[in-house]
1. Between Leu467 and Gln191, take the C-beta separation as r, use R0 = 41 Å, and let me know the FRET efficiency to the nearest 0.05.
2. Normalising by the residue count of the range 113-229, find the relative contact order in percent from Cα pairs under 8 Å and 6+ residues apart.
3. For Thr413 and Ile349, calculate 0.36 nm times their separation in residues minus their Cα-Cα distance, and state this gained length in nm to one decimal.
4. Rounded to the nearest whole Å², what accessible area per residue is found for the range 368-436 with the 1.4 Å probe?
5. Find the centroid of the Cα atoms in the range 380-450 and in the range 504-578, then give the distance between the two in whole Å.
6. Taking the solvent-accessible surface of protein heavy atoms with a 1.4 Å probe, what is the per residue accessible area of the range 482-551 in Å²?
7. Run the simple label-point estimate for Ile403 and Ala506 please: 7 Å along Cα→C-beta, distance reported in nm.
8. More than 17 angstrom separation, counting every C-alpha pair in the range 28-104; what % is that?
Amino acid sequence: MAAVQELREEMSGPVTREGTGSRHDPRLLVPFAQLAPILVLIGAFLLLPLLGALWGSINGAALDFSRYRAILTDPLYADVLLRSLRIGVVTTTVCVLLGYPVAYFMTTLERRKAALFSIALLVPLFTAFLIRTYGWMVILGRRGVLNTLLMDFGLIDRPLQILGTSAAVYIGLVHVLMPTAVFILYASMSQLDRSLQKASQVLGAHPVRAFMRVYLPMSLPAIISAAVLIFIISIGFYITPVLLGGPSDTMISQLVVTQLTTLLDFQTGYAVAICLLTVTIAMLALSNLFVPIEQMWALQESHRRPGFSDKLLIRARSGKVTRPFRWLLLRLEDALYAAFGRSSCFARILLWAYLLLVIAFLLAPLLIAYLLSFSSSPFLVYPPPGFSLRWYRNFMMDPEWRIALFQSLKLATVVACLSVIIGGTAAFALVRGRMGAKREIFLFILAPLLLPVIILALGLYVSLGKLGLIGSFAGLVIGHLLYCAPYAVIILVAAVRGLDRNIESAAATLGAGPARVFWKIVVPILSPALLAAWLMSFLQSFDELLITLFLLGRQAPTLPIKMWSDIRIQLDPTMSAASSIIVTVVILVVGGSQIRAFLAGTRKVQSEREGQEA
């Protein structure tokens, strides 16, 4: 917590000039040189292309806004825009409501137990959207798992039409985004002071009232952060609506892709994307009035002066906003306590039942992919008629699958290495650099993570098209790097700020030069964070689909592109084998990291006990 607080002060505090540094000291230029790669990357391949798209959507100096009027007045465009907003609101609401109890439960666990419990959430979180959506296609199909079970139990006479409907889109989006909501909530809620809730119970409030009046208001910033980020992701989502929905479920991202890649109407495609960008910026600006954008990542707090929005949030926390409904709220709290709170055993059983249902919901598509990968049938039949390894052999022996796997591994490895290098230098500049506007620079670096992926794909399509890099491996590296490098920055900023500079000073005092201190002291200490940043960047690049769709050209397809093509044509069990192999790798990586954290926590607890006994 001390390191996090220092990070907050460092990144939002004023410029300091220590030692003998002057205004013209060349060392003051070092942070800008460290930040240059990632700032140039984002500026050249996101900011400038989006400005160019905006300029092109109004026909340049002609200032023709007819396309925007058509989008707002034409029933086709207006329906798609309103449907995207509606799906975003519903998905966000469901994800936050379902994810809040899970995050709250995780805050009640010791860090060691929370590390083990989070494996069930991290595995689906780091599994590709495409694989999870494919699992739901198998579950929700006319001859899928759900219809088969319902008919076997005699609950329905004929298969239900679920796939290709709005219900399937909602199910898929909630499944894909709920783990993200849970960890955003948990990151903020784990820092709350739970002693205040206990103090209210000591003063006479029963547990339900203590939660409703103390803990829930304190967690409002976490709820706002999760809601905003999930809403932004969901309104620009592409994979799930395409695979699970029908023509009546078309969302704005699909409209952008159609305009740019099929109809080749670039100006209209730009205008639709700018509308999506406007909604995103408006949401971020509105949420920033209540929760600073950088605080959404649980990295730092803003030191701005309180305004009207802050006072409104304080009123909400203090209960003044709900004062007109106090009588109704009192009755609701008493009713909930009478129903669930008096019997702690019953409440605990309900909580564990709910958690098991959530985990089953999140893991079901992955388990189905595993099960069908061993089927002896050439079709996706449930239950499998027999056991066979033919689909794994097909995946390993088919040259198309091998080429796609090699292309993804090569691309992800290059992108991960570059992300760590660029992210590491930027992290040192943000933490140790003596310069102003750190908060603004940090927010600029976060921009690729705060915008829908379709916006990133558009910016890359425009900029790389002008450079003639679409269809080249270098273009793919740049596109994936723009998306992955900010993840490395987030991880490494916290790690660099936690470094004990006294160790570096001691090594320098003993005669070690700067390079030797860096390689012998800094790098070994940062190695866990460097590995985490590398793995995060690797997994994000390996699973990326939409950016690759725009930039691939005539190159050998990546594994997600190969899987996407097969899903669009036919559901082949080889897809299940490929999915199960990827999920297995994710399980090993996630499980290994969390078990390592569990063992480290166990050793720390044992050492503390031994110290107390001594």
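1. On the way: r = 44 Å, r/R0 = 1.07.
Using R0 = 41 Å, I get an efficiency of 0.40.
2. Working: 71 pairs, mean separation 24.7, N = 117.
Dividing the mean separation by the residue count of the range 113-229 yields 21 percent.
3. On the way: separation 64, 0.36 × 64 = 23.04 nm, distance 4.51 nm.
Result for the pair: 18.5 nm of gain on full extension.
4. On the way: 3190 Å² over 69 residues.
That works out to 46 Å² for each residue.
5. 4
6. Accessible area per residue: 44 Å².
7. Each label point lies 7 Å from its Cα, and together they span 5.7 nm.
8. Values: 2085 of 2926 pairs.
Considering the range 28-104, 71 percent of its Cα-Cα pairs are separated by more than 17 Å.
The values are calculated or read from the model by the stated rules, or taken from the named source; none is laboratory data. Note that the structure is predicted; figures quoted are calculated from it, not measured. Cβ atoms come from the backbone with ideal geometry, glycine included; neighbour counts cover every protein chain shown. Accessible surface is based on the protein model in full, side chains and every heavy atom, while ligands, DNA and RNA are left aside. Shrake-Rupley method; radii C 1.70, N 1.55, O 1.52, S 1.80 Å.
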